[in-house]
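Asker: So that we are looking at the same thing, I have put the structure below in structure tokens.
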Amino acid sequence: MMFRTHLAFALLVGLLTMNLFDFNKYLFISLVLFSGIVPDIDYPRSKIGKKLRTISIPIKFLFGHRGLFHSVFMAGIISLVIWWFFDRLWIPVFIGYCSHLIIDGFTKLGVNFIHPFSQLHLSGFIETNGFIEKLLFYILVGCNVLIIIKNINLF
Ligand SMILES: [Zn+2]
């Protein structure tokens, strides 16, 4: 999935889950959005990969694109580190990270959620940056706008 689709989906997930926890909403959404793009650090040509090439290239070399960094284990490891240093902030980080994995699971390339231990490979019919992804992006933006308008008093 493209950077913008990940952001739009992470925002949707963030908006739908922010009231379940007692957090500052802006902090919560910001963390969900940021962690929703982090898994693509394993791909130097992604937006975050380009920004952090010195980290991205060795990660791609060591773990491959959509390898360990696109697994629930890395979601768990990163959340554990965040929990250790920042306590409850692991919650939006975990939610954002998982949102990335879930929506990548709808692409043709798919995601192996329990890489490298076994196969729980999900893939779908969406071509990255194809017509359906573009359509999905606008649907997600539409949903986000509706949710924000409906809950405008919460912001
Ligand atoms: Zn990805």
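Asker: Please go through (1) within 11 Å of the ligand (Cβ to nearest atom); (2) among the small types (Gly, Ala, Ser); (3) part of a loop (DSSP other than H, G, I, E, B) for Ser118 and return the number of the only condition it doesn't satisfy.
Answerer: Every condition holds for Ser118 apart from (1).
Asker: Kindly check whether there is at least one residue in the range 109-116 that is among the aliphatic types (A, V, I, L, M), within 27 Å of Cys143 (Cβ to Cβ) and modelled with pLDDT of 95 or more.
Answerer: Within the range 109-116, one or more residues are among the aliphatic types (A, V, I, L, M), within 27 Å of Cys143 (Cβ to Cβ) and modelled with pLDDT of 95 or more.
Asker: Out of the residues in the range 125-143 that are under 15 Å from His6 (Cβ atoms) and in contact with a strand residue (DSSP E or B) (Cβ under 6 Å, 6 or more places away or on another chain), state the one that is surrounded by the fewest Cβ atoms within 10 Å (Cβ to Cβ).
Answerer: Restricting to residues being under 15 Å from His6 (Cβ atoms) and in contact with a strand residue (DSSP E or B) (Cβ under 6 Å, 6 or more places away or on another chain), the top hit is Thr128.
Asker: Of the residues that sit in the range 31-77 and are of a type in the set (Val, Ile, Thr) and within 19 Å of Met1 (Cβ to Cβ), which one is farthest from the ligand (Cβ to nearest atom)?
Answerer: Filtering the range 31-77 for residues that are of a type in the set (Val, Ile, Thr) and within 19 Å of Met1 (Cβ to Cβ), the one farthest from the ligand (Cβ to nearest atom) comes out as Val32.
Asker: Something else now. If Leu89 meets every condition in (1) in a helix (DSSP H, G or I); (2) free of Cβ contacts under 8 Å to residues at least 24 places away in the same chain; (3) open to solvent by less than 80 Å² (accessible area, probe 1.4 Å) apart from one, which number is that one?
Answerer: (2) is the only condition that Leu89 fails.
Asker: Only one of (1) open to solvent by less than 90 Å² (accessible area, probe 1.4 Å); (2) modelled with pLDDT of 95 or more is not met by Phe155, so which one is it?
Answerer: The failed condition is (2).
Asker: Do any helices (runs of 4 or more DSSP H) entirely within the range 1-83 hold 2 or more residues that are touching a helix residue (DSSP H, G or I) at 6+ places or on another chain (Cβ under 6 Å) and either of a type in the set (Val, Ile, Thr) or surrounded by fewer than 14 Cβ atoms within 10 Å (Cβ to Cβ) (or both), and if so, which?
Answerer: Where helices (runs of 4 or more DSSP H) fall fully within the range 1-83 and carry at least 2 residues being touching a helix residue (DSSP H, G or I) at 6+ places or on another chain (Cβ under 6 Å) and either of a type in the set (Val, Ile, Thr) or surrounded by fewer than 14 Cβ atoms within 10 Å (Cβ to Cβ) (or both), they are 3-17, 25-35.
The values are calculated or read from the model by the stated rules, or taken from the named source; none is laboratory data. Given the structure is predicted, the values throughout are model-derived calculations rather than measurements. Quick reminder, even Gly has a Cβ in these numbers, built from the backbone with ideal geometry, and neighbours come from all protein chains shown. Note: accessible area is taken over every heavy atom of the protein model, side chains too, but ligands, DNA and RNA are not part of it. Shrake-Rupley method; radii C 1.70, N 1.55, O 1.52, S 1.80 Å.
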